[in-house]
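Written below as structure tokens is the structure these notes are about.
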Amino acid sequence: MPPRPSTLIAELSYQCPLHCPYCSNPLDIGDEHYRDELATEDWLRAFNEARELGVLQLALTGGEPMLRRDLVELCAGARDAGLYSSLITAGTLFTRERAEALKSAGLDHVQISIQSPNAEDNDRIAGNRSFAKKIAAARAARELDFPLTINCVLHRHNLDRIDELLDLTLDLGAQRLELANTQYYGWAVPNQQALMPSWDQLRRAEQSVQRFRELVGPRVDVLWVLPDFYEELPKPCMGGWGSTAMVVAPNGDVLPCQAASTIPGLEPANLRERSLAWIWTESDAFNLFRGTDWMQEPCRTCPLARQEIDRGGCRCQALRLAGDAAATDPVCRFSPHHGRVVAARESAQTDELVYRTMKRRARA
Amino acid sequence: MTRPRLVTGARLRYDEVREEHVLLIPEGVVRLNPTAAQVLELCDGERSLDDIAGTLSVRYDGADVRDDVHELIDAMAQRGLVVDAA
């Protein structure tokens, strides 16, 4: 038996009023098969099956989950199933009225994304005038006594505003701040050159975070992780393939991570046809990179014996940088392809962004 | 710490699947041993630390649990999971 999952990531819809150029959604979000979204009953069944499997945390995300008209019903279903629910939203549709309905339905926690603490920058990066609505949403969440997380994806164009972002977090009364350095999946891939930060920016930001933590203490939990491309050893993607989380796409495809649909030959099982328990324990997609038997060199004889710690790193990154999803993640300094990571962080020069869109066929 | 309570959004529950007590927090799970779960159940923002220790002491045949209760609540407060309601 594989370990039990603790998290279900429910991507309710890939539709979103924002156009962030680092969105983790797949590049083909505009394709027909993703528009065929699951019905309310499918999700409610999934929540109950998830709890029976051991899931405790539910992330209601997207795209923009607030675009689902049955969101209140889904929150009530999550509560009835015994799951702790988090709404991961851009905030533009999180009005006081809808927030009250979600609160009554049992929603536990609200996470609001901010693209930059500066209104103009926020709207430019989001490709949408959204800053004022986000701030109003954050205040509505706190007035209703929701625990509030502010999330900001960091990159070259906003890292220098980290102090403003920390101040804003305090002002909004958030108890968590997720500083998510851009991961190069989904829409961040065609924008990698334009988003990659410099070492200096990262170092200054890290110092700011450190000062803030000392000043504010445990009142605000600040999550800060150095981006993969500046590491010499890989991170265990999703805590290990098929070991902690399940991701359900809007059409019911179930995968071990948000980016796994890019792996050729990986056929996701669908929620409409199979139970979550079957998908977790039996499906090819979840078993493909479980454990350590699938590993190649240099992982197989890792000189640091870190197979169980790093889990070979990220499969999607291995695919993209080494051309093989079963290779060692090239972030690892022992990977024969590590030079590509070094080259990427040393060569970020362009400022041109490719905006997220649901129009067909983006260029990859 | 005068009158401890769980931080906003934290929820205690028993996980029937793994048969253990857990504290659910935004995007996280803290596994608890049965004693810690009992202490946190009493952190309601009304009781003082001495009230909590007293209530538990009765359950454990009058044993002096004050130091253990203080230690646990201090550790939880340092992680931001318990705050002062006072």
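What follows draws every value from the coordinates through simple rules; no lab data is involved. Owing to the predicted nature of the structure, the values given are computational and were not obtained by experimental measurement. Ideal geometry is used to build each Cβ from the backbone, glycine not excepted, and the neighbour counts take in all protein chains shown.
Here the relative contact order of region A:152-255, from alpha carbon pairs under 8 Å that lie six or more residues apart, stands at 31 percent. What residue among A:305, A:325, A:78 has the largest mean-square fluctuation in a Gaussian network model of chain A, using Cα springs under 10 Å? Taking springs between Cα atoms under 10 Å, the residue moving most is A:305. Here's the picture: charge each Lys and Arg Cβ at +1 and each Asp and Glu Cβ at -1 in the protein assembly as shown, and of A:175, A:112, A:126 the one pushed furthest to the positive end of that dipole is A:126. Could you work out how far the C-alpha centroid of region A:32-87 sits from that of region A:195-266, in angstrom? Their Cα centres are 23 Å away from one another.
For residue A:134, the lysines whose Cα falls under 23 Å of its own Cα, not counting residues fewer than eight places away in the same chain, are A:103. Of all stretches in chain B that contain no GluC sites (Glu not before Pro) in a DSSP loop with at most 11 other Cβ atoms within 10 Å, the longest one is B:47-86. Of the chymotrypsin sites (Phe, Trp or Tyr not before Pro) in region A:226-296, not one is in a loop by DSSP (not H, G, I, E or B) with at most 11 other beta carbons within 10 Å. Here the calculated FRET efficiency for residue A:305 and residue A:326, from their Cβ-Cβ distance with R0 = 30 Å, stands at 0.95, rounded to the nearest 0.05.
Across peptide B:8-21, the mean count of Cβ atoms from other chains lying within 10 Å of each residue's own Cβ comes to 4. Per-residue mean of foreign Cβ neighbours for A:174-184 is 1 (Cβ atoms of other chains, 10 Å radius). Karplus-derived 3J(HN,Hα) values for region A:256-267, using 6.51 cos²θ - 1.76 cosθ + 1.60 with θ = phi - 60°, are x, 7, 5, 9, 5, 5, 7, 7, x, x, 8, 9 Hz; glycine and proline are entered as x.
Would you please give the FRET efficiency between residue A:39 and residue B:64, computed as 1/(1 + (r/R0)^6) with r the Cβ-Cβ distance and R0 = 56 Å, to the nearest 0.05? With R0 = 56 Å, the Cβ-Cβ based efficiency is 0.45.
Going by a ≥ b ≥ c, the root eigenvalues of the Cα gyration tensor, does the protein assembly as shown fall in the rounded group (a/c under 1.5), the prolate group (a/b larger than b/c) or the oblate group?
The shape class here is rounded.
Is chain B rounded, prolate or oblate when judged by the Cα gyration tensor, a ≥ b ≥ c being the square roots of its eigenvalues, rounded requiring a/c under 1.5 and prolate requiring a/b larger than b/c?
The shape class here is oblate.
Separation between the residue A:73 and residue B:86 pseudo-spin-labels, each 7 Å from Cα along Cα→Cβ, expressed in nm? Spacing of the two 7 Å Cα→Cβ label points: 4.9 nm.
Nearest 500 deg cm²/dmol is fine: what mean residue ellipticity at 222 nm does the protein assembly as shown get from its DSSP H runs of n ≥ 4 alone, each adding -39,500 (n - 2.57), divided by its residue count? Only helices count here, giving -10000 deg cm²/dmol.
Over region A:53-103, Cα pairs under 8 Å with separation of 6+ residues give a relative contact order of 48 percent. Only Cα pairs under 8 Å and 6+ residues apart enter the sum, and on that basis the relative contact order of region A:48-142 stands at 27 percent.
Averaged over the residues of B:23-35, the number of partner chain Cβ atoms lying within 10 Å of the residue Cβ comes to 4.
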